[in-house]
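Accompanying notes for the structure given below.
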Amino acid sequence: MKNFLSLSTFLILFYAMANTFFIAEILYADNTVPSLSEDHCLTCHREMGILPSGFNENDIHMQPGLSCSGCHGGNPASDDPEVAMSPKNGFAGVPTRAEIPQFCGKCHSSINFMRTYRPRIQTDQVEQYYTSVHGKKLRLKDQKVAECVSCHTSHAIFSVKDARSTVYPLNVPNTCKKCHSDPDYMKEYHIPTDQFARYATSVHGMDLLENKDTGAPACNDCHGNHGATPPGVESVSHVCGNCHVNNLNYFTASPMAEPFEQLDVHACEQCHGNHGVQKTSDEMVGVGESSVCIACHDAGDNGYHAAEQIHHQIKTFVNLYDSAQVRLKDVQQKGMDDVDILFLLQEANQDLIHSRTLVHTFDPSKVAAKAGEGIKKTNEAIVLERQEVKDYHTRRRGFGIATLFITVLAVALFFKIRDMEKLRKKG
């Protein structure tokens, strides 16, 4: 390599130019971008064994040919370090932490540039970032908050659909965990650091981390991505409502919505929690030890009475439905017709789900109306089940009588034939 610099001189020059910016669309004398095999930035760093930590040639930028100079500038067509890393050739070096959002934004905030590679990608990520808790603190010179490379990495960036990506749905909690589960790192911010531990045991976390269900919510589904911020009182129910639509609609129209807002109570979170949301049960409603209603309502008030009624209606329905399920198994084991029974119980199950959802109306009459529909269908199923069992025993008795008759007939026939044989021999 011409005018080869020592490694130490090379590194000093590289970092000294860290604050210089450039235009992402680098134009060369012949208006062409050299191929990766002709990219002297890449070949030189590889030969010298000083590729960046975590570097991966399958990085999403490398795929269309956006190599080192695509971000850091310079002239990759030259094998002369002084030329390749000359500020005159747009060399920008390594950005400071505060500069990273704008550094990445030179391309990612340009719709004209991005449509060449990803025409559907958003180009307001930087703008969103500066509305986030991270972005606001970065502008206040906080050197610890997350910026682009904190979540996406620098030189091993993959598509969000790639399982190797740090922002692939299954990997998001662990990416956030790097900072938010470190008590020493987060100490000065005075916020909990057990969010991941609680999330991992939640119904959402178990679906995502254990069952690998990428449709289950991760951190960014509730807090946002580039504009990450804790949801406020007025937005918690809407965040949950992105998935739990009916629950949101019922709660919003309920008599509890306005008092919750006035008291600065976080709607869904008040009863279900946030990071550690557990699977719901019918015992959450009512006045028992596991009820969340009695946290606010005392014996004798309207809310206490309503909770008691709602719990009784749902438990009555559940007990009857469970009984019908047991009878159904008996019908199936006996090999009887279960088609109409299954149809009725499937409809009843939908009514049960709906009844449980109507809990968010806090109205016993609405829960009772829907539960009543399901109870009626369940009773119809039980009548059919009893009839099938009755028919089974009737048939069994019929088969028994028929078997006895045939047996008697066979025995009589046997003796008749034997008598006829004796007569034939005598004659």
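The values are calculated or read from the model by the stated rules, or taken from the named source; none is laboratory data. Bear in mind the structure is a predicted one, so any value in this text is a computation, not a measurement. Every residue, glycine as well, gets a Cβ built from its backbone with ideal geometry; the counts of neighbours run over all protein chains shown. The accessibility values were calculated without ligands, DNA or RNA, using every heavy atom of the protein model including side chains. Shrake-Rupley method; radii C 1.70, N 1.55, O 1.52, S 1.80 Å.
Just checking, how many residues over region 69-101 are on the phi > 0 side of the Ramachandran plot and either touching an Asp or Glu at 6+ places or on another chain (Cβ under 6 Å) or surrounded by fewer than 21 Cβ atoms within 10 Å (Cβ to Cβ) (or both)?
The number of residues fulfilling the criteria is 2.
Could you list, in sequence order, the residues of region 102-143 that are acidic (Asp, Glu) and either on the phi > 0 side of the Ramachandran plot or under 26 Å from the mean Cα position of the chain (by Cα) (or both)?
Answer for region 102-143, where residues must be acidic (Asp, Glu) and either on the phi > 0 side of the Ramachandran plot or under 26 Å from the mean Cα position of the chain (by Cα) (or both): Asp124, Glu127.
Looking only at residues in region 212-236 that are charged (D, E, K, R) and farther than 25 Å from Ala257 by Cα, which one is surrounded by the most Cβ atoms within 10 Å (Cβ to Cβ)?
Asp213
Look through region 127-158, keep the residues that are touching a Ser or Thr at 6+ places or on another chain (Cβ under 7 Å) and more than 16 Å from Gly54 (Cα to Cα), and return whichever of them is least open to solvent (accessible area, probe 1.4 Å).
Ser132
Considering region 59-97 alone, what residues qualify as being modelled with pLDDT under 90, of a type in the set (S, T, N, Q) and under 42 Å from the mean Cα position of the chain (by Cα)?
If the condition is that a residue be modelled with pLDDT under 90, of a type in the set (S, T, N, Q) and under 42 Å from the mean Cα position of the chain (by Cα), then Gln63, Ser67, Ser69 are the ones that fit.
Just wondering, is there one or more residues in region 406-420 that are in contact (Cβ under 8 Å) with a residue 24 or more places away in the chain and open to solvent by 50 Å² or more (accessible area, probe 1.4 Å)?
Looking for residues that are in contact (Cβ under 8 Å) with a residue 24 or more places away in the chain and open to solvent by 50 Å² or more (accessible area, probe 1.4 Å), one finds none in region 406-420, hence no.
Going by the structure shown, is Val277 in contact with a His (Cβ under 8 Å, 6 or more places away or on another chain), surrounded by 15 or more Cβ atoms within 10 Å (Cβ to Cβ) and either assigned to a loop (DSSP other than H, G, I, E, B) or of a type in the set (S, T, N, Q) (or both)?
Yes, satisfied.
Pull out all pairs, ordered by first then second residue, where Cβ-Cβ is under 9 Å, the residues are six or more apart or on different chains, the first lies in region 239-253 and is more than 19 Å from Val367 (Cβ to Cβ), and the second is among the aromatic types (Phe, Trp, Tyr) and part of a helix (DSSP H, G or I).
Within 9 Å, the pairs are Gly241/Phe251.
Does at least one position in region 298-307 carry a residue that is touching an Asp or Glu at 6+ places or on another chain (Cβ under 8 Å) and either open to solvent by 30 Å² or more (accessible area, probe 1.4 Å) or at pLDDT 95 or above (or both)?
yes
Given the residues Ala371, Ala381, Ala348, which is the only one that is farther than 30 Å from Pro259 by Cα, open to solvent by less than 40 Å² (accessible area, probe 1.4 Å), under 34 Å from the mean Cα position of the chain (by Cα) and in contact (Cβ under 8 Å) with a residue 12 or more places away in the chain?
That would be Ala348, the only listed residue that is farther than 30 Å from Pro259 by Cα, open to solvent by less than 40 Å² (accessible area, probe 1.4 Å), under 34 Å from the mean Cα position of the chain (by Cα) and in contact (Cβ under 8 Å) with a residue 12 or more places away in the chain.
What pairs come up if the first residue lies in region 194-211 and is modelled with pLDDT of 95 or more, the second is surrounded by fewer than 18 Cβ atoms within 10 Å (Cβ to Cβ) and among the acidic types (Asp, Glu), and their beta carbons are under 7 Å apart, counting only those six or more places apart or on different chains?
Within 7 Å, the pairs are Asp207/Asp213.
Where in region 113-221 are there helices (runs of 4 or more DSSP H), lying wholly inside it, with at least 3 residues that are within 26 Å of His272 (Cα to Cα)?
By residue number, 172-180, 195-200.
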